[in-house]
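Worksheet for the structure shown next.
The values are calculated or read from the model by the stated rules, or taken from the named source; none is laboratory data. Because the structure is a prediction, the values reported are computed rather than measured. Cβ: placed from backbone, ideal geometry, glycine included. Neighbour counts: every protein chain shown.
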Amino acid sequence: MGLRWYIARRVGWAVVVTFIIVSITWALLTAAPNPEVRQAATQAALEGGNPNTAAERVRELRGLNAPLYQRYIDYVVNVYTLDWGWSRMRSQPVTQAMVQSLYYTAQYSIPWTLITVVLAPAVGLYSAANQYSWKDHLATGFSFFGYAIPNFFFGIILLLIFGVYLGWIPITYNSDVPVFSLANARQLAVPIFVLVTGSIGGTVRVARNESSEFMSADFVKTATAKGVSTARIYTRHILRPTMVPLSTTMVAQLLALFIGSSLLVEIVFSIPGLGRLTYRAITAQDTNLVLGSTLFFTFIATIGNLLQDIVYTVLDPRIDFSDR
C-alpha cells in the first residue's frame, strides 16, 4: 500500500506541476503583445487602411476579445487535448510538426541515452576499482574531456575534421536515408559522440565517489571472504547501491542536455529535430510552435523526475515509502 500510495501521490503532484506551468505560460502569453495583431495593424497602415480596425478583426478571429476566464479555460482544454494550434512557419498543426521533428530527435537521443546510462556508471566503477592509478586518471580524463568543452564548439571541430578534411561523414544531415542503415549511422555517430562525452563527466564523478565508499564496506568484505566472484561483487554489491544516488544526477543531466545542448547539436549538424524546430520557431516568432515546444519539454522533465522517483524502489528495496 505504501508504494502504490506514493506513486499515486507523485503522479498527482506531476499533474499539479504541469498545470501550474501551463497556467504561468498562459499568463505570460496573455500579458505579451500578440505578434499577429501587431503584424495586421502594421500591414493595414502600410496599405493605407485603418490599423485599429485590422487589429480588432484579428482579435475577434483569434478569440482575444473573449473574457479572460473563458480564454483560460479554452487554453487549458486545448493543451491537455493536444490541440496546440496552427504553426504559421510550417503551415501545419503544431502537434504534427513536433511529431515529425521528434522522429529525427529520437534517432540520436535514444542511443545517446542508452550509451550514457551504460557507460557512465561503468567508467565510474572502473575508476573506483583502480583508484589513483594511471587507469583511474585515464578514465576520468576521458570523461571530463568532453564535459569541459562546449558541445557546439566540439561539434564544429569534429565536423571540420571528419566532414570537411577527411570526408568520412556528411557535412549536412540527409533525412532521406533509412533509419537503420550504415549511412544514417555515419551521420549520427559524431552528434551522439558529442552528447555522450558531454553528459558522462558529472555522472562518472558521482559514480566514482559512491563506488569508492562501497569498496571498503563490510558487506563487500563479507562477500569477498565467502568467495563471491569479483564481477558479481562489482555489479551486485557495489554498482546497484551506487545507482540510487547516481540516478538523480543522471536524470537531471540528461534532461538538461536534451533540452539545451541537443538544440545546439541539431543546429551544428543540421538535424531537423525538436531543438532546431524550436530555434526556428523563436526566430520566426511562431507563438503556437514555441508554446508547443515549451510544453513538450515541460512534460518530458516532469515525467523524467517521476520515473526517477519510482526507479528508486527497484534499485534499492530497502527504501520505505509508507511514511512518504
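Here is a list: V58, V11, V17. Which entry is in contact with an Asp or Glu (Cβ under 8 Å, 6 or more places away or on another chain), in a helix (DSSP H, G or I) and either surrounded by 12 or more Cβ atoms within 10 Å (Cβ to Cβ) or at pLDDT 70 or above (or both)?
Result: V58 is the single residue among V58, V11, V17 that is in contact with an Asp or Glu (Cβ under 8 Å, 6 or more places away or on another chain), in a helix (DSSP H, G or I) and either surrounded by 12 or more Cβ atoms within 10 Å (Cβ to Cβ) or at pLDDT 70 or above (or both).
When both residues are 6+ apart or on different chains and their Cβ atoms are under 8 Å apart, which pairs have a first residue that lies in the stretch 182-194 and is in a helix (DSSP H, G or I), and a second that is crowded, with 20+ Cβ neighbours inside 10 Å and of a type in the set (S, T, N, Q)?
N184/Q107; L188/Q107; V194/N151
Going through T242, T298, T278 one at a time, which residue ends up being hydroxyl-bearing (S, T, Y), modelled with pLDDT of 75 or more, in a helix (DSSP H, G or I) and over 30 Å from G85 (Cα atoms)?
After applying the criteria, what remains is T242.
Can we say V164 is more than 22 Å from P121 (Cβ to Cβ), hydrophobic (A, V, I, L, M, F, W, C) and in a loop (DSSP other than H, G, I, E, B)?
Judged against the criteria, V164 is not a match.
May I ask you to verify whether I238 is within 20 Å of K135 (Cβ to Cβ), in contact (Cβ under 8 Å) with a residue 40 or more places away in the chain, assigned by TED's automatic domain parsing to the domain that holds S143 and not charged (D, E, K, R)?
Criteria met by I238.
Go through the residues of the stretch 150-158 one by one and say whether even a single one is at pLDDT below 80, crowded, with 20+ Cβ neighbours inside 10 Å and part of a helix (DSSP H, G or I).
yes
Restricting attention to the stretch 300-309, which residues are loosely packed, with under 15 Cβ neighbours inside 10 Å and more than 10 Å from the chain's Cα centre (by Cα)?
Answer for the stretch 300-309, where residues must be loosely packed, with under 15 Cβ neighbours inside 10 Å and more than 10 Å from the chain's Cα centre (by Cα): I303, L307.
Listed residues T95, T105; which is among the hydroxyl-bearing types (S, T, Y), more than 30 Å from H237 (Cα to Cα) and surrounded by fewer than 17 Cβ atoms within 10 Å (Cβ to Cβ)?
None of the others qualify; the one that does is T95.
Given the condition in a helix (DSSP H, G or I), touching an Asp or Glu at 6+ places or on another chain (Cβ under 6 Å) and either at pLDDT 75 or above or not assigned by TED's automatic domain parsing to the domain that holds A106 (or both), answer yes or no: does some residue in the stretch 254-274 qualify?
So far as the stretch 254-274 goes, no, none of its residues is in a helix (DSSP H, G or I), touching an Asp or Glu at 6+ places or on another chain (Cβ under 6 Å) and either at pLDDT 75 or above or not assigned by TED's automatic domain parsing to the domain that holds A106 (or both).
State whether one or more residues within the stretch 174-183 are farther than 30 Å from M215 by Cβ and among the charged types (D, E, K, R).
Looking for residues that are farther than 30 Å from M215 by Cβ and among the charged types (D, E, K, R), one finds at least one in the stretch 174-183, hence yes.
Taking L119 and the conditions (1) closer than 27 Å to T278 by Cβ; (2) of a type outside the set (G, A, S); (3) surrounded by fewer than 19 Cβ atoms within 10 Å (Cβ to Cβ), which numbered condition does it fall short on, given that it satisfies the others?
(1)
For the stretch 280-293: of the residues being of a type in the set (S, T, Y) and surrounded by 15 or more Cβ atoms within 10 Å (Cβ to Cβ), which is nearest to the chain's Cα centre (by Cα)?
S293
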